[in-house]
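Report on the following structure.
Each value in this text was obtained by applying a stated rule to the coordinates, not by laboratory testing. Given the structure is predicted, the values throughout are model-derived calculations rather than measurements. Note that we place each Cβ from the backbone using ideal geometry, even for glycine, and neighbour counts take in every protein chain shown.
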Amino acid sequence: MKDLIEDIEQLLGILKLKVFLNSYQSLAEQYEKEKRSHLEYLHELLLRETEQRQQHKIAKLLKDAKLPRGKLLSDFDMARIPGLAPSQIHHLANGEFIEQCANVLIFGNPGTGKSHLSMALAREWCLAGRKVKFFTAANLVQELLKAKAELKLTQLIKRLDRYEVLIIDDISYVPFERDETDVLFTLFAERYEMRSILITSNLPFSKWNQIFKDDMTTNAAVDRLVHHSVILELNATSYRSECAKNKLKNKEEITP
C-alpha cells in the first residue's frame with residue numbers, strides 16, 4: 001500500500017495536479033465514511049482542481065492587465081449619467097463585442113468616471129478569462145516610440161496582439177507630436193478588425209485634429225475606430241467636484 005501511495009503521489013506531481021495531491025487522501029476518508037460513490041469522489045476532486053486553476057488563471061490575468069486601481073463595476077454610479085443604460089454596460093461587461101473585434105469609445109468631461117468605467121470593465125473581462133492590457137495614452141506612445149527607435153515596432157505590435165482588448169486611457173490628455181501620433185495610428189491600423197480597443201477621451205471626435213494634427217490622419221483614425229464600435233458619452237458633472245462641494249456643504253452645516 002505504501003508503494004502504491006508513493007506512486008500515486010509521484011504521478012499526481014508529474015501531472016501537476018496539486019489539489020488532487022493535497023486532498024485525495026482526506027477526501028477519500030470522508031467519502032468512505034459517508035458511503036458516497038467513487039464517481040462522486042472523483043467529481044469532487046476534479047471540481048476542486050478546476051476551481052483552483054481558474055482562480056490562478058484569473059489572478060495571473062489581473063496581474064498582467066496592470067490595472068492601476070481596483071475599480072469595481074458595482075461602485076460605478078450609473079444613475080449619475082443621463083442616458084446611460086445599465087443594460088448596455090452589463091452587456092459590455094459580458095465581453096461579447098470582443099468576439100467581433102469591436103471597440104469601446106468612452107467620452108466625457110474630466111471627473112465623469114471614464115477611467116473608473118474602463119478599469120471596471122477590464123476587470124470583468126479578466127474575471128471571464130479574457131486577456132486585456134491597460135495603458136495611459138502617454139505611456140503607450142512612449143513604448144511605441146522606443147520600439148520604433150530600436151526597429152522593433154512590428155515585434156511590439158505583435159506582442160500587444162496577445163491581448164484581446166487594449167485599454168488606452170486619456171488619449172486627449174497629452175498633446176502629441178507628429179512622430180507620436182504616427183505610431184499610435186499604426187497601432188490602430190494593425191488592430192483594425194483584428195483585436196479590440198477601449199479608448200477614453202475628454203475630446204469629442206470633432207476635436208481629434210488636436211491629437212492627430214492633420215485632417216487626413218484624423219479621419220483615417222476615427223474611421224477605423226468607429227467602424228465597429230460602441231460609443232458611450234458620460235454627460236455629467238465631475239464626480240470629484242460633487243464630492244468636494246458636498247464635503248464643503250456638510251462642513252458649513254456643522255459649523256455653528
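Spacing of the modelled spin labels on residue 151 and residue 78, each 7 Å from Cα toward Cβ, amounts to 5.1 nm.
By the count of other C-beta atoms within 10 Å, a proxy for reagent exposure, 126, 101 are ordered fewest to most as 101, 126.
Going by neighbour counts of Cβ atoms within 10 Å, the residues 154, 181, 186 line up, fewest first, as 154, 186, 181.
Counting neighbouring Cβ atoms within 10 Å and putting the fewest first, the residues 60, 148 line up as 60, 148. Report summary: the helix-based calculation at 222 nm, which adds -39500 (n - 2.57) for every DSSP H run with n ≥ 4 and divides by the residues of the chain, gives -18500 deg cm²/dmol. Run the Debye formula on the Cα coordinates of the range 150-223, all scatterers equal and no solvent, and tell me log10 I(q)/I(0) at q = 0.20 1/Å. Cα-only, vacuum Debye calculation for the range 150-223: -0.92.
Normalised by 2.2 N^0.38 Å, where N counts its residues, the alpha-carbon radius of gyration of the range 1-143 equals 1.54. Note on the chain: GNM, Cα springs under 10 Å; of 57, 33, 133, the largest mean-square fluctuation is that of 33. Neighbours of residue 132 by Cβ distance under 10 Å: Lys/Arg scored +1, Asp/Glu scored -1, total +2.
Here the range 2-65 was treated as a single set of alpha-carbon atoms; its pair distances binned every 5 Å from 0 give 3, 16, 21, 21, 17, 10, 6, 4, 2, 0 percent. With R₀ set to 35 Å, the beta-carbon distance separating residue 16 from residue 96 gives a calculated FRET efficiency near 0.60.
If only the Cβ of Lys and Arg carry +1 and only the Cβ of Asp and Glu carry -1, the dipole of the chain around its Cα centre is close to 540 debye. Note on the range 2-65: with charges restricted to the Cβ of Lys and Arg (+1) and Asp and Glu (-1), its dipole about the Cα centre is near 380 debye. Positive end of the dipole of the chain, charges at C-beta (+1 Lys, Arg; -1 Asp, Glu), about the Cα centre: which of 78, 97, 188 has its Cα farthest in that direction? So the residue furthest toward the plus end is 78. With both labels modelled 7 Å from their Cα along Cα-to-Cβ, the residue 69 to residue 56 distance reads 3.3 nm. Ordering 30, 5, 47 by Cα displacement along the dipole of the range 2-65 toward the positive end leaves 47 in first place; charges were set at the Cβ atoms of Lys, Arg (+1) and Asp, Glu (-1).
Stokes-Einstein, applied to the Kirkwood radius of the chain over Cα pairs at a viscosity of 0.890 mPa s and 25 °C, places its translational diffusion at 114 µm² s⁻¹.
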